[in-house]
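Structure first, then comments.
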Amino acid sequence: MEKKIGVYVCECGPNIAEKVDIDKVINAVSSIDGVAVVEKFKLLCSGDGKKFLEDEIKKHNLTHLVVAACSPKQHEQTFMEVCENAGINPYLFQLANIREQCAWITEDKDEATEKAIRLTKAAIGRVRYHSSLEKKELECTPNVLVIGGGVAGIETSLQLASPDRKIYLVEKSSSLGGLVTNFEKTFPNMSLTSDVMKQKIQSVNENENIKVFTDAEVEEVLGFFGNFEVKVKKRDEDKSSAEFNVGAVVLATGSTLFDPKKTSQYGYGELDNVVTALEFENMNSSGKITLKNGKKPNSVAIIHCVGRDETGYCSEVCCMYSLKFVRYLKDKISNVKVSNFYSDLCIPGKTYQKFYDQTKGKHVDFIRSADLKVTKKGDKLNIEYKDENGSKKNLGADMAILAPAMEPTSDASGLAEVASISIGDGGFFSEEHEKLGQISTTTEGIYIAGCAQGPKNISETLVQADAVTGKILSSLIPGKKIEPEVKISQISESFCIGCKKCINVCSYGAITFDEAKKISVVNEAICRGCGNCVAACPSGAATLKHFTFNQIYQELMEAVQ
Amino acid sequence: MNEKEGYLDVLVIGAGIAGIEASSLLSNSGRKVHLIEKTSYTGGNVIKFEEVFSNMECSTCMVAPRQQELLQDKNINLLTLAEVEDVKGSFGNFTVKIRKKARYVDLQNCIGCNACFEPCPVSLKNEFEEGLSERKAIYVPCAGALPNVPMIDTENCIRFKGKDCKACQEACAFEAIDFNQKDEQLELKIGAIIAATGSGTFDPKQTPEYGYGKIDDVYTALEFERLYASNGPTEGNINLKNGKAPKSVAIIHCIGRDQKGYCSAVCCMYSLKFNHYLKSKIPDIKITEFYTDLCIPGKSHQKFYEKMKETGTDLIRIQEAKVEKQGKGITVKYDTGKKKDSLPVDMVILATSIEPRDDTSELAKVLGISLDEYGFFKEEHLEASSVTTSKPGVFIAGCVQGPKNIQNSVSQANAAVGKILSLSK
Amino acid sequence: MTREFEPRIVGFLCNWCSYAGADLAGTSKLKVPSSLTPIRVMCSSRVDSVLVTTAFLRGADGVLVAGCHPGDCHYDKGNYYARRRFAVLKKVVEGLGLESDRIRLSWVSASEGQRFAEVVNEFNEKIKKMGPNPTRVKTSL
């Protein structure tokens, strides 16, 4: 079909009109092949301007539109809508930036005019090679897979479940609740945990829109956002498996504690009465805090930062729960002496310092220490340490509680592979963006929440669980279709040599290999259109829609005239 | 709340990073959002930072695409220079009165060419730049501010004080300046409210031992951010008042911590960030960080600290510090508990505590929610999801609820949206 | 009569950071040589040897590739690939018989209008000193 390109130059008031000889630009492009009309207008982005363009398109039966005006970052969207309203495919349009990157960067009118002509000609040349691009719509299922039945998984499931959205909650162990079920109380309000947890677990079990799998693991997650195919394996006698489709996956698999056996300095596993924080929580929950010999401890040392050097990060919650332990001890054992051995007190946030201030008191010591070692001295334990001045000191204690670093679970890397996401700092799941995307991953539709993403307290875990809920509820809407990116990569079957270089460079896993045809195939639902695969492809099989070689070549040609 | 019975529109108060993220997410779900912002620009405090920890990403690059989307999003009704005056009703059924101050510049006609600034005869200190540079009575707070449309500061504009000045209007080729604009009062029917109005910072004039406001070259963290910013008052050149580059800097943590009674969670990290800032501009500079406890929780933050240690910076744990003038320079007198010593430096940066904004208590009254003992908005349960308040339908997100970093603010914003969307299913 | 050599420089600017930085240079009314023709790409990782070779064979005196700072790439790691690829691109330019300095890779963020102007000004001067591209082959591609 014959191309009829309409070219419109915006005066942008004096911003372009006074810096560029627009008439000269018009003259320079009028006789270009395919150009049906060239006009100028005072302000094309205004209501009048947009109407003018729409009328012009209809009047001249234009097939393509070129506007020479401001930056596409300002008004590309605006003029694409004008095209759509006037009946042209919005991608048959090009905006030449003759303002920010032309009129405004020089005082020399001749120079600016010459460049404006160059840029407008480039846009005209390019638009000739534009193809219509259509928005796609994909069906999706609103159901969600939640992996991990701890506080994060429970919260997410309860928030998301509804008659038109089924939740599949898969828990590795035989019961729901995760680590928090071990705690009698949680900081800073010291409210009782078990009732709350029992209630929540009951809500989950009674919710007919949540299907719970315990003693189960996720074996396979295939597909993409809106259309994941999941396989769950159960550890029952039949070793049965379940298969179902979901639109999104939430990894809320929590964390584990550093094993103090890995370092010899704390005597863990060798000396009696050296326990980890989790062991102490259980001891406390059972109602009896006792030594191996059945007696109550008169003096307890709480040792912070166990494993911090090995893991290389601060686990955020240990200082606070150590303070909680002081309170547990004070509540249950009168006159118990407690000493906290720490390096830096980590108590950020509006309420935590008050909790600390209130915990300090009679018979509670906070000893800043280094080079700590736990040894035996007679019946008791001996804490050897260097104090703030570097002097070697000793303190006897009946019991030592170790606050170990929080670590990713042992199956984290395996799960990451199953879900096609990466592992990041500390071995935890990698978020999409440290600041703005803490709970999403580079794989669209796969979310992370809670300690699986990194050490954090319960409040932050619940916020993340609700944040994931927000993401899923706003993007996976029952009945609504998903619109993936349009300007994506495509790989020619004939030219692809099956080298897989494109697959290697794709940050999103958007390219898969067709074993039968031995060629790479782009998943149009996932591709984000960066063009990395195009550059990596040695045979020119990969092209990027709207940024093809031919299109860019047109701009290049004008650049070197 | 039944969807069929209530209003679906959401009111988001505050267009900082939390407000922007909440609005964006709500818009994605198809909800209409009224985003109310008190100032003339979006982005809040985050756009004042050149880079953010710990990936040292350019803050503008991070936020600008979001701000731009905001302006073009059909579901988001951005109202700048607007405040919430009254809230009546309940979850699903709020009637909100908004007072929108006149900008005196037409948002549609203005194309952001800035021609109106130059002829304005009034010059005064630019609040956005922490007073380090000047602006006119018709102004945008900084280069790249969005929306890129100026406002007239009527308290300082001589026309609004009675003189017949039309300098800005005459310079405008787009008829965008309209002195006849009036403040508006709007009434909105709203289903839910998210308050994300952010926080302020402790004024070190309250702690005179640090010499702020009396000794030259003693800066607050925000002032230093603006000094380093490439779109700031010195285009990113870090110079002393005498024009020379500093050879030594002291960064003092925990300014105001004793007065406020809590740890502000972000200062250690941004103080380490400042280390990077300084080294990148002045590689030989000697930096000393005076701190009490190093607060760097999280999987990525200690790595950041280790990198900073490699640059040769000294970290000195102290119990007390004082900043005094010494000849032409400054001396930091400090007490480690073990010894008392002093350090001569060219410049001091004070890492000031985060505190509630002055207008937080007023807004709490309007919304019908309470403040906690520190003056931040009070969450319903500190150990549950911290975004709900005692008033159903009113949610909070970001530093208005308490000091926190950007990622936690954004997660709270998303969580507030999660609560709204799940409660209305 | 000798006319001063005005270079023809092609600038591949990534949509998210460097194109925005270039816009900011304009909004701030900084002086940027008009010898640079900006070509917008979505990511600096799109720039390959075909584009670079074509540019130089068609007579470009210089090619500037600009992207987001490492760690800031909108597409996660695109600019890291651009950086690695750049080493190859330099060799390609040498292979054409040109100075490898005729191609440059710069990181420009959206807020670095000043920096963009500096980079282009400096590159322009450098290319001027190098002189025009002798390889102006009319090759059919």
May I ask you to list the residues in the stretch B:290-315 that are in contact with a Ser or Thr (Cβ under 6 Å, 6 or more places away or on another chain) and under 20 Å from residue B:348 (Cα atoms)?
B:314
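When you go through A:432, A:417, A:384 one by one, which is the residue that is over 30 Å from residue A:189 (Cβ atoms) and assigned by TED's automatic domain parsing to the domain that holds residue A:330?
Testing whether each residue is over 30 Å from residue A:189 (Cβ atoms) and assigned by TED's automatic domain parsing to the domain that holds residue A:330 leaves just A:384.
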Might you let me know whether the stretch B:340-359 holds any residue that is under 16 Å from residue B:221 (Cβ atoms), away from chain A (no Cβ under 14 Å), surrounded by 21 or more Cβ atoms within 10 Å (Cβ to Cβ) and not aliphatic (A, V, I, L, M)?
yes
Could you give every pair whose Cβ atoms fall below 6 Å, whose first residue belongs to the stretch A:459-477 and is within 7 Å of chain B (Cβ to nearest Cβ) and without any contact (Cβ under 8 Å) to a residue 40 or more places away in the chain, and whose second residue is in a helix (DSSP H, G or I) and among the hydrophobic types (A, V, I, L, M, F, W, C), counting only separations of at least 6 or pairs across chains?
A:463/B:415; A:467/B:415; A:470/B:25; A:470/B:417; A:474/B:25
Scan the stretch A:135-148 for residues that are touching a Phe, Trp or Tyr at 6+ places or on another chain (Cβ under 9 Å) and in a loop (DSSP other than H, G, I, E, B) and jot them down.
A:140, A:141, A:143
Just wondering, is there one or more residues in the stretch A:414-422 that are among the β-branched types (Val, Ile, Thr), within 14 Å of chain B (Cβ to nearest Cβ) and buried (at least 16 other Cβ atoms within 10 Å of the Cβ)?
no
Hey, any hits in the stretch B:202-215 for a residue that's more than 14 Å from every other protein chain (Cβ to nearest Cβ), crowded, with 22+ Cβ neighbours inside 10 Å and modelled with pLDDT of 95 or more?
yes
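Taking the options B:51, B:69, B:57, name whichever one is free of Cβ contacts under 8 Å to residues at least 24 places away in the same chain and acidic (Asp, Glu).
Testing whether each residue is free of Cβ contacts under 8 Å to residues at least 24 places away in the same chain and acidic (Asp, Glu) leaves just B:57.
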Report, by residue number, each residue of the stretch B:373-425 that is of a type in the set (Asp, Glu) and without any contact (Cβ under 8 Å) to a residue 12 or more places away in the chain.
B:373, B:380, B:383
Mind checking which residues of the stretch C:32-66 are at the interface with chain A (Cβ under 8 Å from one of its Cβ atoms), of a type outside the set (Lys, Arg), more than 20 Å from residue C:132 (Cα to Cα) and not in a helix (DSSP H, G or I)?
C:39, C:41, C:42, C:43, C:47, C:48
Looking at the stretch B:374-385, can you tell me whether even one residue there is in contact with a Pro (Cβ under 6 Å, 6 or more places away or on another chain), more than 8 Å from chain A (Cβ to nearest Cβ) and over 16 Å from residue A:461 (Cβ atoms)?
yes
Looking at the stretch B:50-66, is at least one residue crowded, with 21+ Cβ neighbours inside 10 Å, of a type in the set (Asp, Glu) and closer than 14 Å to residue B:12 by Cα?
no
Confirm whether residue C:106 is more than 12 Å from chain A (Cβ to nearest Cβ), out of contact with any Cys (no Cβ under 9 Å at 6 or more places or on another chain) and more than 21 Å from residue A:538 (Cβ to Cβ).
yes
Scan of the stretch B:4-23 for residues that are small (Gly, Ala, Ser) and either within 8 Å of residue B:196 (Cβ to Cβ) or modelled with pLDDT of 95 or more (or both), ordered by number
B:14, B:15, B:16, B:18, B:19, B:22, B:23
Tell me, which residue of the stretch A:495-542 that is more than 11 Å from every other protein chain (Cβ to nearest Cβ) and assigned to a strand (DSSP E or B) is nearest to residue A:432 (Cα to Cα)?
A:511
For the stretch A:297-316, give me the residue count where each residue is more than 25 Å from the chain's Cα centre (by Cα), crowded, with 22+ Cβ neighbours inside 10 Å and polar (S, T, N, Q).
0
Across the stretch A:206-234, which residue is nearest to the chain's Cα centre (by Cα) among those that are surrounded by 15 or more Cβ atoms within 10 Å (Cβ to Cβ) and in a loop (DSSP other than H, G, I, E, B)?
A:225
Please give the strands (runs of 3 or more DSSP E) falling wholly within the stretch A:1-120 in which 3 or more residues are under 38 Å from the mean Cα position of the chain (by Cα), within 28 Å of residue A:488 (Cβ to Cβ) and within 14 Å of chain C (Cβ to nearest Cβ).
A:93-97
Given (1) within 11 Å of the chain's Cα centre (by Cα); (2) facing another protein chain (nearest Cβ under 9 Å); (3) crowded, with 24+ Cβ neighbours inside 10 Å, identify the lone condition not met by residue A:442.
(3)
The correct count of residues that are hydrophobic (A, V, I, L, M, F, W, C) and in contact (Cβ under 8 Å) with a residue 60 or more places away in the chain in the stretch A:79-107 is 4
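The values are calculated or read from the model by the stated rules, or taken from the named source; none is laboratory data. Because the structure is a prediction, the values reported are computed rather than measured. Every residue, glycine as well, gets a Cβ built from its backbone with ideal geometry; the counts of neighbours run over all protein chains shown.
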